[in-house]
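A.B. asks: To start, I am sharing the structure in question, which I have written as structure tokens.
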Amino acid sequence: MVKKRVDGREMNELRPIKIVPSVIERADGSAYLEWGQNKMIVAVYGPKEMLPKHLADSQRGKINFIYRMAPFSVPERKNPKPGRRDIEISKVVGEALSHAVLLEEFPGMVIDVYVQILDSNAGTRVAALTASSVALADAGIPMKDLVTAVAVGKANGNIIADLNKYEEDAEDAVDMAFAMLPGSEEIVLLQADGILSEDEFDKAIKIAKEKCQEVKKLQIEALKSKFKALKE
Ligand code: UDP
């Protein structure tokens, strides 16, 4: 078991997080987020009529979530064409957000959420989910709660929060993307690779829940700062 993490963090310490809402004037809602080296922009458009119409659900609205990595956001140039990973992340993150947004208020409509990753070092899907929920709130979209996400897992014999890329590549690595509605602790995303014992899994989930509450405070502070600035 290694005692210290490669970047000097405690086992359950998150990388520094910065969230700035309302960064794109043309969008209905938006956010810029930095999470360690990860940097991203989210833009929300809608709710608007779903086109083509045959994709619309007459009972409820839909979220169209698009996650894309810029070619320069990874060490090896990324092909700008969406790959299987972009499509998978778009699907699972969009579904996670759908648990929070009151979609029944928007039958036949769609909310587009675009995430562009500008720089990355593991954990981009949970960071994207966290930023998107701020951008949706910034757009005034009604939600049950914010969605708050963190990655937890295992590397070098330790159960840790917020794995960086080096830790994700450890021989015993387990990377678990976790998201919940912080009020009810309803889990809306849980993806994991690798193997954890039952005890390790319980410990990881406990850390994930604690860390989500920490991230929620930052989301709320970011949104409050926007409304405070509007009042001044
Ligand atoms: N990554 C990369 N090239 C790619 C895709 C991903 O270098 O084509 C890196 C990127 O830094 C990303 C990390 O691998 O954050 C981990 O990717 P994973 O699929 O585990 O998703 P994430 O942890 O970002 O949610």
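Read the figures in this text as sums done on the coordinates, not as results from a lab. Note that this is a predicted model, so its numbers are computed, not measured. Cβ atoms come from the backbone with ideal geometry, glycine included; neighbour counts cover every protein chain shown.
A.B. asks: What are the residues whose amide H is under 5 Å from the amide H of Asp57, where those residues sit 5 or more places off or on another chain and H is modelled from the backbone?
C.D. replies: Gly108, Met109
A.B. asks: Along each of its three principal axes, how wide is the spread of alpha-carbon positions in the range 117-230, in whole angstrom units, largest first?
C.D. replies: 49, 32, 18
A.B. asks: Only helices at least 24 Å long along their axis, Cα-based, and averaging -1.0 or more on Kyte-Doolittle count here, so list those DSSP H runs from the chain. Intermediate results must be reported in sequence, preceding the final value.
C.D. replies: Values: long enough: 198-231 (50 Å, -0.79).
Those that clear 24 Å and a mean of -1.0 are 198-231.
A.B. asks: Residue-wise, which Karplus ³J(HN,Hα) couplings in Hz belong to the range 24-35, taking 6.51 cos²θ - 1.76 cosθ + 1.60, θ = phi - 60°, and x for glycine or proline?
C.D. replies: 10, 5, 5, 7, 6, x, 7, 7, 10, 9, 10, 9
A.B. asks: For the chain, modelled as a GNM with alpha-carbon contacts under 10 angstrom, which of Gln219, Gln116, Gln191 fluctuates the most?
C.D. replies: Gln191
A.B. asks: Moving on. Taking every Cα atom in the range 6-149, find the radius of gyration and the maximum pairwise distance Dmax, and write them in Å.
C.D. replies: 15.5, 52
A.B. asks: Shifting gears a bit: Report the paramagnetic label zone for Gln191: residues of the range 58-86 whose backbone N is under 20 Å from a point 7 Å from Cα along the Cα-to-Cβ axis.
C.D. replies: 63-76, 78-86
A.B. asks: Each residue of the range 146-163 in order: what ³J(HN,Hα) in whole Hz does its phi give by Karplus 6.51 cos²θ - 1.76 cosθ + 1.60, θ = phi - 60°, with x for Gly and Pro?
C.D. replies: So the Karplus estimates, Gly and Pro as x, are 5, 9, 10, 9, 8, 9, 10, x, 9, 7, 6, x, 10, 8, 9, 9, 6, 5 Hz.
A.B. asks: Using each residue's phi in the range 113-121, evaluate 6.51 cos²θ - 1.76 cosθ + 1.60 at θ = phi - 60° and report the 3J(HN,Hα) Karplus result to the nearest Hz, with x for Gly and Pro.
C.D. replies: 10, 10, 10, 10, 8, 9, 8, 8, 7
A.B. asks: For the range 142-232, which trypsin sites (Lys or Arg not before Pro) pass both filters: DSSP loop (anything but H, G, I, E, B) and at most 15 other C-beta atoms within 10 Å?
C.D. replies: Details: sites: Lys144, Lys154, Lys165, Lys203, Lys206, Lys209, Lys211, Lys216, Lys217, Lys224, Lys226, Lys228, Lys231; in loops: Lys144.
Loop-located and lightly packed - Lys144.
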